[in-house]
Amino acid sequence: MERKFKTEMHCHTRTSSPCAGATPEETVQKYIEYGYSTIVVTEHLNQYVFNRYDSSMSPREKMELWLEGYRKMKAAAGDKINILLGAEISFPNTNGTDFLIYGPTEEFFLNNPDMIDHDRWWNCALVHNNGNMIFQSHPFRFGMMLCETHIIDGIEIYNGHNDQDSHNQMSEHWAEMFPHLKHVSGTDHHDVNHVPTAGILTDEPITTNEQLLQVLREGNYDIIRDEETRKKMQG
């Protein structure tokens, strides 16, 4: 049976990601138009984002504000498309190297509002101790640092950002060197005119984070890579 349910694994909105231009409402409409059943919202989570908030706010209050991107996506989606919570986090002293977290609850973030102040070792342990998974994003984009493969669960082998060269072939070849690593694909959606070109395909729609984690651990999915459309968007 051909897999037909599409899940976006890397998506930002302007509500919580300063570099994004699309609203939650615009993003939901775009993914419905392109036939996706699920979006994992992975807003940027780092010191730069938190430093934009009122300095008088506590870390937990800032985390509450950061969660608004996900919450507004949920409200905009209603029962039309499934919205799951994730994050794209970066840590101090890694030159902006990013990691995708899958499976967390709101309480996970609210109970750990200082996680952006800790290094990748601390955060990978935190993610795993809470039963979640962590993947390195676009590891061969210029300026990124390769992470130690034994502390992560996988690699984003295809990144569909139309304004960035993520050297996807290098990411895929590198990931294949480590059989224990899982592979994901994400559009890295930011803007209204950005066409979804990536994600994973499954037999059934993914409706919960628990189901997403099970699918990823079992490897019961196919990778979406629409490189032809991504290149067209680059003009």
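A few comments on the model shown:
- Residue selected from segment 167-195 under the condition open to solvent by less than 20 Å² (accessible area, probe 1.4 Å) and modelled with pLDDT under 95, by the criterion nearest to Pro18 (Cα to Cα): His194
- Hits in segment 17-57 (condition: among the hydroxyl-bearing types (Ser, Thr, Tyr), over 17 Å from Val192 (Cβ atoms) and surrounded by fewer than 24 Cβ atoms within 10 Å (Cβ to Cβ)): Ser37, Tyr48, Tyr53, Ser55, Ser56
- Across segment 11-30, the qualifying residues are those that are of a type in the set (Gly, Ala, Ser) and within 14 Å of the chain's Cα centre (by Cα), and the one among them that is farthest from Gly186 (Cα to Cα) is Ser16.
- Selection from segment 173-187 of residues that are closer than 23 Å to Gln29 by Cβ and touching a Ser or Thr at 6+ places or on another chain (Cβ under 8 Å): Gly186, Thr187
- Residues satisfying the stated conditions in segment 1-59, i.e. assigned to a helix (DSSP H, G or I) and of a type in the set (Val, Ile, Thr): Thr27, Val28, Ile32, Val49
- Every test in (1) open to solvent by less than 10 Å² (accessible area, probe 1.4 Å); (2) over 20 Å from Gly186 (Cβ atoms); (3) not acidic (Asp, Glu) is passed by Asn93 save one, and that test is (1).
- Segment 1-16, subset open to solvent by less than 10 Å² (accessible area, probe 1.4 Å) and touching a Ser or Thr at 6+ places or on another chain (Cβ under 9 Å), residue farthest from Ile134 (Cα to Cα): Thr13
- Search result, residues across segment 33-49 that are over 18 Å from the mean Cα position of the chain (by Cα) and in contact (Cβ under 8 Å) with a residue 40 or more places away in the chain: Tyr34
The values are calculated or read from the model by the stated rules, or taken from the named source; none is laboratory data. A quick note: this is a predicted structure, and the numbers were derived from the prediction, not measured. Here Cβ is always computed from backbone atoms with ideal geometry, including for glycine, and neighbour counts include all displayed protein chains. Areas reflect the complete protein model, heavy atoms only, side chains present, ligands, DNA and RNA absent. Shrake-Rupley method; radii C 1.70, N 1.55, O 1.52, S 1.80 Å.
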